[in-house]
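Since the structure comes first, as structure tokens, the remarks are kept for the end.
The values are calculated or read from the model by the stated rules, or taken from the named source; none is laboratory data. Computed from a predicted structure; not experimentally measured. In this analysis, Cβ positions are derived from the backbone assuming ideal geometry, glycine residues included, and neighbour counts consider all displayed protein chains.
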Amino acid sequence: MIRILLADDYTIIRKGVRQILTQAYPNAEIEEIEEGEQWTEKLKDTPWDMIISDLPGPHRGGWDALERVRQDYPGLPVLILSLYTRELEAFRALQSGAAGYLGKDAAPDELIWAVRQILAGKKYLAIPSEQN
């Protein structure tokens, strides 16, 4: 069974991502949390196969949480799913230890493909287009 921790500030995003993932992985256990800062608490209690999260969060937020996860759980892959669609954020996420980066404007099939690639031990980067 695949265990995915899904972190996003917006309930509608979490519910949509969960529905997409549940269709692709009907037996997966998917737990939702609101912020990246809550990762560390959830990671202490339960082993996960993957984290999908928005970055950066408000306050210390996502970047710090990503760095802590990389230090404490170096084998745990993190897919960043973000509204920020500039190359700079995508590359910063990978440099900070994320296994992948995908814009929230991606198609559902691309999300599933990214998850498959990352669960297979590969990196995934959808280079976002610059917005005018």
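Selection of first residues in the range 81-107 that are in a helix (DSSP H, G or I) and of second residues that are aliphatic (A, V, I, L, M) and surrounded by fewer than 16 Cβ atoms within 10 Å (Cβ to Cβ), restricted to Cβ pairs under 7 Å at least 6 apart or on distinct chains, gives the following pairs, ordered by first then second residue: GLU87/ILE127; ALA90/ILE127. Scanning the range 9-28 for residues that are among the β-branched types (Val, Ile, Thr) and closer than 15 Å to ALA107 by Cα returns ILE13, VAL17, ILE20. Set side by side, the residues LEU55, LEU83, LEU66, LEU79 differ, and just one is modelled with pLDDT of 90 or more and within 13 Å of the chain's Cα centre (by Cα), which is LEU79. Taking the criterion of being more than 19 Å from ILE118 (Cβ to Cβ) and in a helix (DSSP H, G or I), the residues of the range 20-48 that qualify are GLU37, GLN38, THR40, GLU41, LYS44, ASP45.
So, of the residues in the range 5-35 that are hydroxyl-bearing (Ser, Thr, Tyr) and at pLDDT below 95, which turns out to be surrounded by the fewest Cβ atoms within 10 Å (Cβ to Cβ)?
THR11
For the range 111-132, taking the residues that are exposed (fewer than 15 other Cβ atoms within 10 Å of the Cβ) and modelled with pLDDT of 90 or more, the one that is nearest to ARG86 (Cα to Cα) is identified as LYS123.
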